[in-house]
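Undergrad: Quick one: structure below, then a few questions.
The values are calculated or read from the model by the stated rules, or taken from the named source; none is laboratory data. Since the model is a prediction, treat every value here as computed from it, not as a measurement. FYI the Cβ positions are ideal-geometry reconstructions off the backbone, even for glycines, and counts take in every protein chain you see. Keep in mind that these areas ignore ligands, DNA and RNA; they rest on the heavy atoms of the full protein, side chains included. Shrake-Rupley method; radii C 1.70, N 1.55, O 1.52, S 1.80 Å.
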Amino acid sequence: MFRLPCMVFGKLYHYNACFLKPFHIRFNFSTQEDNTKFLCKYLKISESKAQYLQMKHPIIKKLDSDQIKDLADTLYDLGFQRNILLNEPSLCSILPITLKYRFNVLKECGVHNISTQHLVSYLTLVKQKTIGTLKQSGIIPHLLNIENRLASYMTQWPSSLTTLVYGNVNDFTLHSLRIKIIQRYLELMLDLSPDEFKRGLHTYPTIRHRPLQSINETLTILQSEILMPIPKLKSNLYLVHADPENLKNILYNFRSIGGIDMKEIIRMHPKLALIKYQTLLEIRKIFEEYGISKEAQIKCFQIYTLSPATIKDRLEKAKSIPEFNAFYGHPRFLKMIHYNKTALKRLMKLYSNNKKCLSLNILSGSSAHYETFEKAPGDRLGKGKDLVFCITKSLGTSFNTSNVRSLIKRHPFWINIPLIQVKYVYEQLSANFSANDIYENCPILLYPWNKIRETINLLDKKLIKNPNLQHYEQIDLTLLSKSQKLSLVLYLLEKKHYFTGNGVWSEEKKKNIVDFSPNSNVVDNISVI
């Protein structure tokens, strides 16, 4: 089949190099000058003071505008002044969500007058100092029954269960006591065995530092509103540390994807419960910007687990790769974006093996399906669904898929032609022929453009002679409609092949190569199969 020119294959390697970098990692390259402006704006300080902070605490230089704003806003929501960062710059090295959780954990444990110093030294207070030591130092009230206080945040906690600790509770750390309460709570709620809890804690260690109220509220939402089955909760224990406020925003504000309720989607794809609400909104906006249909989103809910920057970058690159662009608008197109690195690797490998009839399922489907195609002799499109879709999409919504299929199937080699060639031929023909003209002569899309163009040029110059007419009189082509003209082109393309369909193959030693560079439409080199 038709080979890509070297320059296009080179592009594939260029894109592959791009995809070698993990897309979920986002680096912020704010200049020092921009960073200084952000600090002045959000902390209400002078430029010289901002520069002094940057010199004394280099971590601040790495923060961009959004990060500085989120940090200042989070501290303000917790009851601190925004300029508290001037006194405790080390807070800049802690994520805003972590600060929020630390504050709530200390509050649940009865710590009075929580300061920024408590937030910075959180791990020392919680994991190293015993409850007795904390009471002696006045951080926790001396008479506080901390075990009952922590248990009170669990609304389903049985009133008959009054104690979990045998011995003096003051000898425990806050961390060890909290772990015991979380374990007992999950045993009650999810029928979690000690071994399952231990494995879950090892796999998802951040559960240790989630506020008990958040864990309780999250499980209530998952079980009462989303109706997540207990076996699924046990097998996806990371759901325990989902942020309940974020979860509410997803359910009540984001609501649905492609008309399907988010509750149903989260039951099918639990990971979406952990995606930030704002991130989901950004991704939805990107899909609207790039014209990605709701049907395509329904076919690949997992796409929402990627970052907006990654999705946008991959969609942009897909426009530049002809094989990917041919599927743009396909209901399963987002699978190719989600499994982009795999699809690109397969594309290059198949081209190196001289296989060009690629379907979307081959590029982004299961490994077993791909390996079967790779090892199979010959080169064909399988069932040809993607080819029919490509043609129907090009023709427009007024043409029926089944009708297009019945027309294109008349050609014996309809599933042996690469999609990018069919798409390219349509683009060239559509410059001078209507969609209806092309539809009535659908098989012409399977032929190499250089042969079609050459025949059309001959007809335009009226150089075709009818051997049945005396003196080889020329045919009056002005009487033909454009549809009839395409029919005549098809007739001439197949005439010397005795209408066997072999006209789709090039007779020369070189085959059609399409140059997809911006400055060229076609490269007329031809090479043999």
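Undergrad: Cα centroids of the stretch 331-403 and the stretch 284-316: how far apart, whole angstrom?
TA: When both Cα centres are located, 19 Å separates them.
Undergrad: Which aspartates and glutamates does Lys356 reach when only Cα atoms under 20 Å apart count, and residues fewer than 8 places away in its own chain are ignored?
TA: Qualifying aspartates and glutamates at Cα under 20 Å: Glu323, Glu371, Glu374, Asp379, Asp386, Glu427, Glu507, Glu508, Asp515, Asp524.
Undergrad: Spin-label point model (7 Å from Cα, Cβ direction): what's the Tyr491 to Ser307 distance in nm?
TA: 6.1
Undergrad: Now for a different question. Applying the Karplus parametrisation 6.51 cos²θ - 1.76 cosθ + 1.60 with θ = phi - 60° to the phi angles of the stretch 106-123, what ³J(HN,Hα) value in whole Hz is obtained for each residue in order, glycine and proline being reported as x?
TA: In residue order, the calculated couplings are 5, 5, 4, 7, x, 5, 8, 6, 5, 10, 5, 5, 5, 5, 5, 9, 3, 4 Hz.
Undergrad: Among Gln428, Ile408, Cys442, pick out the residue whose Cα is farthest towards the positive end of the charge dipole of the stretch 400-459, where Lys and Arg carry +1 and Asp and Glu carry -1 on C-beta, about the Cα centre.
TA: Ile408
Undergrad: For Val111, enumerate residues with amide H under 5 Å from its amide H, sequence gap 5+ or separate chain, H modeled in the peptide plane.
TA: none
Undergrad: Apply 1/(1 + (r/R0)^6) to the Cβ-Cβ distance of Lys41 and Ser224, taking R0 = 56 Å, and write down the FRET efficiency to the nearest 0.05.
TA: Working from the Cβ atoms, E equals 0.85.
Undergrad: Which pairs break 20 Å Cα to Cα here: Lys41/Lys61; Lys312/Lys385; Lys61/Lys107?
TA: Too far apart for the 20 Å limit: Lys312/Lys385; Lys61/Lys107.
Undergrad: Please give the FRET efficiency for Ala431 paired with Lys248, using the beta carbon to beta carbon distance and R0 = 56 Å, rounded to the nearest 0.05.
TA: My answer for the efficiency is 0.60.
Undergrad: OK, next. Can you list the residues, at least 5 places off or on another chain, whose amide H is less than 5 Å from the amide H of Ile260, using H built in the peptide plane?
TA: Here the answer is none, since no amide H 5 or more places off falls under 5 Å of that of Ile260.
Undergrad: Which loop-located trypsin sites (Lys or Arg not before Pro) does the stretch 238-338 contain, where loop means any DSSP state but H, G, I, E or B and the Cβ has at most 14 other Cβ atoms within 10 Å?
TA: Here the trypsin sites (Lys or Arg not before Pro) that fit, given the DSSP loop and packing criteria, are Arg255, Lys276.
Undergrad: Still on this structure, I have one more. Using θ = phi - 60° and the Karplus form 6.51 cos²θ - 1.76 cosθ + 1.60, what ³J(HN,Hα) does each residue of the stretch 288-303 get, whole Hz, x for Gly and Pro?
TA: 3J(HN,Hα) across the stretch 288-303, in whole Hz: 5, 5, 9, x, 7, 6, 5, 4, 5, 5, 5, 6, 8, 5, 5, 4.
Undergrad: Given a Förster radius of 41 Å and the C-beta distance between Asp191 and Lys319 as r, what FRET efficiency does 1/(1 + (r/R0)^6) yield to the nearest 0.05? List each step's numbers first, then the result.
TA: Details: r = 50 Å, r/R0 = 1.23.
Result of the calculation: an efficiency of 0.25.
Undergrad: Okay, moving on. Could you work out what % of the accessible surface of the stretch 200-349 is carbon and sulfur, using a 1.4 angstrom probe and leaving DNA, RNA and ligands out of the count?
TA: 50
Undergrad: So, with +1 on the Cβ of K and R and -1 on the Cβ of D and E, and no other charges, what is the size of the charge dipole of the stretch 311-397 about its Cα centre, to the nearest 20 debye?
TA: 100
Undergrad: Could you pull out every one of the lysines with an alpha carbon less than 26 Å from that of Lys485, ignoring same-chain neighbours closer than 8 positions?
TA: Within reach: Lys393, Lys409, Lys423, Lys451, Lys461, Lys462, Lys465, Lys495, Lys496, Lys511.
Undergrad: Once fully extended, how much extra length lies between Asn403 and Gln81, figured as 0.36 nm per residue of separation less the alpha-carbon to alpha-carbon distance?
TA: Numbers: separation 322, 0.36 × 322 = 115.92 nm, distance 6.86 nm.
Extending this stretch completely gives an extra 109.1 nm.
Undergrad: Just need the relative contact order of the stretch 90-159 here, percent rounded to a whole number, with Cα pairs under 8 Å and 6+ apart.
TA: Reported relative contact order: 33 percent.
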